[in-house]
Every structure is written in C-alpha cells, then in structure tokens.
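Before any comments, here is the structure.
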Amino acid sequence: MALALGAFLLSGNVFQQGQGALRPTGLADGVGPVVRRRFWAEVTGAQRSPEVITAEVLQHLPEFAPRLAAWFRGLDAPLPAQGGPPTGPGTRLKILMGLVRRARVVVEAVSPRAFRIRTLRLHADAGTVRFQVSEPGGGVLRLEIEVLIRAASWPDRLSYLLAAHALQRVNWETVLSRAVAVSAGALRARGHETREAAYVPPPGR
C-alpha cells in the first residue's frame, strides 16, 4: 500500500506538471496496455426517461461520486450545485483522487442519452469515460459507464495495479448505483468487466 501511495504521489507531482498540464490527452499519450472497464446495470419499471437520467448524472456527477475516491470541483467556475452554470461541453473539473492526487478532466461531448469526459494532462490516466443510457427492449433501461484509458506514466501504471484500480471501481460503481436510484426503477442485474489489450497506434503514427 505504501508503494502504491508513493507511485500515486510521485506521478502527480513530477510527471504531470508544467506548461501542458491542462492539455487534453488520449490513448496515444499514455503508457502500457489499453484498459477497458465497463460498469453496467439493467433497470425495469424506470420512472425517469433516459434523457432525464443522463442529464441528472451529468449535472450532479460531483455529488454522485464518493469523495474518498474522487472529490470533484469546478476548475473555471463553481459547480451547478454551488450556483454555477450548467455542466456541458467544455466544462473543466478538478478532482482530488483518493484525497491525495490531483487530476483534471473536461466534458468533451454531450448528447441526450450520453456524455463523454476526457482526461487532461494533470491526471493519472489518459483517455475517456463515457456514460450512456440505452433501451435494449422489453421495458429495460441499460445504464453503462465505459472507461477507456492507458496509464499516464509508469508510476501511474504501478499505482493502478497495486491499488488505484480498486479505488476507480468504487467510484464508478457508486456513481452507477446513484444513477439507478435516479431512474426510480427496479434493479434487474448489474455487472463489471475489465479487459486489457496492447496499444496499437493508429495508421500514420
């Protein structure tokens, strides 16, 4: 645990500082394998539409996440719950991860039933998180969070393997549980999976 904490702090304080600390990052900016994590839940009898659920999660994400895992605050303006403007494309958030590591993200895209958040350079990961609500049929709503990332540095990769993966799981499963509560429906099933694959640069790189 001490080794994981040391790696967590080292990467945040050394590797992610400087002029490009708030530059958007993607898989090409990371190291190690591509990590794809999916957290999903199926709900029946929902009293809220997919559009309402998506909007509620987007506007209240900082309140849905457990502060021990991810304490969100507005980077450029107060959060909606603090009287700030609505969260939308371009909204930047600062996060205190595990109460010790700073991180930054930006809301990259929003549609009626989904939104995507991208990491900024000052983050332990490089990639995206996507929330979406779909209707597979039979009166069922499927709520899903997809994390698609690589570690931002090798100390971050070590930290992820030792402990940060568990903190990340607690965070997104809590957000998902609170999204299910917003639906006002009955939970039928839920699950989680993590897959890793070698990074393949896009053609031309």
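The values are calculated or read from the model by the stated rules, or taken from the named source; none is laboratory data. None of these values were measured; they are calculated from a predicted model. With ideal geometry, Cβ positions are generated from the backbone for all residues, glycine too; neighbour counts draw on all protein chains shown. Accessible surface areas use protein heavy atoms only, side chains included; no ligands, DNA or RNA. Shrake-Rupley method; radii C 1.70, N 1.55, O 1.52, S 1.80 Å.
Okay, here's what the table says:
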quantity	calculated
Subset of region 51-90 [surrounded by 18 or more Cβ atoms within 10 Å (Cβ to Cβ), part of a loop (DSSP other than H, G, I, E, B) and more than 14 Å from the chain's Cα centre (by Cα)]	79, 87
Sole residue being in contact (Cβ under 8 Å) with a residue 12 or more places away in the chain and not aromatic (Phe, Trp, Tyr), chosen from 83, 30	30
Subset of region 173-199 (residues that are part of a strand (DSSP E or B) and in contact with a His (Cβ under 8 Å, 6 or more places away or on another chain))	194
Residue in region 158-165 that is polar (S, T, N, Q), at pLDDT below 95 and in contact with a helix residue (DSSP H, G or I) (Cβ under 6 Å, 6 or more places away or on another chain) present	yes
Meets criteria (farther than 19 Å from residue 25 by Cβ, modelled with pLDDT of 95 or more and out of contact with any Lys or Arg (no Cβ under 9 Å at 6 or more places or on another chain)) for residue 88	yes
Hits in region 115-141 (condition: open to solvent by 50 Å² or more (accessible area, probe 1.4 Å) and over 11 Å from the mean Cα position of the chain (by Cα))	121, 132, 135, 136, 138, 139
Long-range neighbours under 7 Å by Cβ, at least six apart or interchain, first residue under 20 Å from residue 57 (Cα atoms) and basic (Lys, Arg) within region 135-154, second in a strand (DSSP E or B) and open to solvent by 10 Å² or more (accessible area, probe 1.4 Å)	142/40; 142/42; 142/134; 142/136
